[in-house]
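Okay, so here's the structure we're looking at.
Nothing in this text is a laboratory measurement; each read-out follows from the coordinates by a stated rule. Quantities reported herein were computed from a predicted structural model and do not represent experimental measurements. Quick reminder, even Gly has a Cβ in these numbers, built from the backbone with ideal geometry, and neighbours come from all protein chains shown.
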Amino acid sequence: MSDDSYQPPAVWQQPDGSGGKFSNINRPVSGATHDHALPVGKQPLQLYSVATPNGQKVTIMLEELLAQGISEAEYDAFFIDIMEGDQFSSGFVELNPNSKIPALFDQSANPPVRVFESGSILLYLAEKFDSLIPQAGALRTECLNWLFWQMGSAPILGGGFGHFYAYAPEKYRYPIDRYTMEVKRQLDVLDKQLEQHEFIAGPDYTIADIAIFPWYGALVRNEVYEAAEFLQTHTYKNVIAWAERLAQRPAVQRGLRVNKTWGPEHEQLRERHSKDDF
């Protein structure tokens with residue numbers, strides 16, 4: 001049911017408490033709330049993240065690069081507790097002024113490079129190591145089409161459907177109907193694409209698959225929002241088959257564990273500094 005009595009004010013003011021799971025870290029301004037330097041390890045790449053879908057994209061990518069024998073992709077992964085506001089520390093804001101995980105610092109570059117936004121990080125790593133992205137032509141463009149499709153679509157799934165279906169303190173029909181309809185349309189887009197191709201962007205596994213799997217693969221495998229029955233995800237058979245294939249990849253399995261502090265203990269790895277941590 002909706003609150004029919006609510007009318008937006010002429011000028012919005014932040015409420016004392018908005019309710020919901022993330023109300024303690026939501027705010028209408030940017031910038032640091034406290035001074036705290038980020039830890040720095042010895043590996044070429046420094047990652048600051050948590051194992052949400054956006055964070056898992058990058059750890060899967062890094063583990064895939066290492067599985068190819070690219071030692072320059074070695075990384076330290078430091079845990080950012082977003083529920084405690086670590087993303088608002090001065091050190092994190094210096095890396096990502098948008099205060100969202102993941103953030104990457106490439107200290108092997110001269111000068112060192114900061115990279116934020118998960119899609120930007122995937123593209124940066126793919127180009128840096130010339131891997132998991134077609135080199136040129138139509139296949140490269142198709143890969144980028146789907147990478148940017150994910151970046152534009154996932155907020156509908158996470159901040160839209162996931163918020164109103166799973167996290168909002170009250171259930172309202174309009175937003176749940178609105179975002180459910182769009183998520184099912186997105187799943188249908190993927191299902192039709194995967195009916196014609198083994199991987200998202202064509203015949204090869206690329207950063208498009210790595211970007212999409214942590215969100216939509218987890219959704220059809222009922223690992224986020226407990227919404228598989230509600231969404232009837234079993235009807236998207238091609239997405240399920242693709243997700244199950246990717247879930248069997250050892251690098252994907254390792255990447256899903258990094259910076260994870262919940263669930264079964266064997267699936268957790270708070271920080272990662274070398275392959276021996278697994």
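From the alpha carbon centroid of segment 179-193 to that of segment 82-146 is 26 Å.
Other residues within the sphere of radius under 11 Å centred on the Cβ of residue 41, judged by their own Cβ, net out at -1 (K and R +1, D and E -1).
Rounded to the nearest 0.05, the FRET efficiency derived from the C-beta distance between residue 195 and residue 5 at R0 = 51 Å is 0.60. So what is the diffusion coefficient of the chain in µm² per second by Stokes-Einstein at 4 °C and 1.567 mPa s, using a Kirkwood Rh over Cα pairs? In µm²/s, the coefficient is 65. Stretched out straight at 0.36 nm per residue, the stretch from residue 22 to residue 244 would grow longer than its current Cα-Cα span by 76.8 nm. Across the chain, the longest run free of exposed loop sites, meaning GluC sites (Glu not before Pro) lying outside DSSP classes H, G, I, E and B with no more than 15 other Cβ atoms within 10 Å, spans 1-169. Placing +1 on the Cβ of every Lys and Arg and -1 on the Cβ of every Asp and Glu, with nothing else charged, gives segment 137-247 a dipole about its Cα centre of roughly 220 debye.
Any chance you could count the Lys pairs in the chain whose alpha carbons are under 23 Å apart, treating pairs 8 or more apart or on different chains as valid? Count of close lysine pairs: 22.
Please name whichever of 273, 197, 59 sits farthest to the positive end of the charge dipole of the chain, dipole taken about the Cα centre and charges placed at Cβ: Lys and Arg +1, Asp and Glu -1. The Cα lying farthest towards the positive end belongs to 197. Counting DSSP beta bridges with both partners in the chain, what percentage is antiparallel, nearest 5? Bridges in the chain that DSSP calls antiparallel: roughly 60 percent. Farthest toward the positive end of the dipole of the chain, out of 25, 123, 69, is the Cα of 123, where the dipole comes from beta carbon charges about the Cα centre. A Stokes-Einstein calculation at 4 °C with viscosity 1.567 mPa s, built on the Kirkwood radius of segment 137-247 over Cα pairs, returns a diffusion coefficient of 91 µm²/s.
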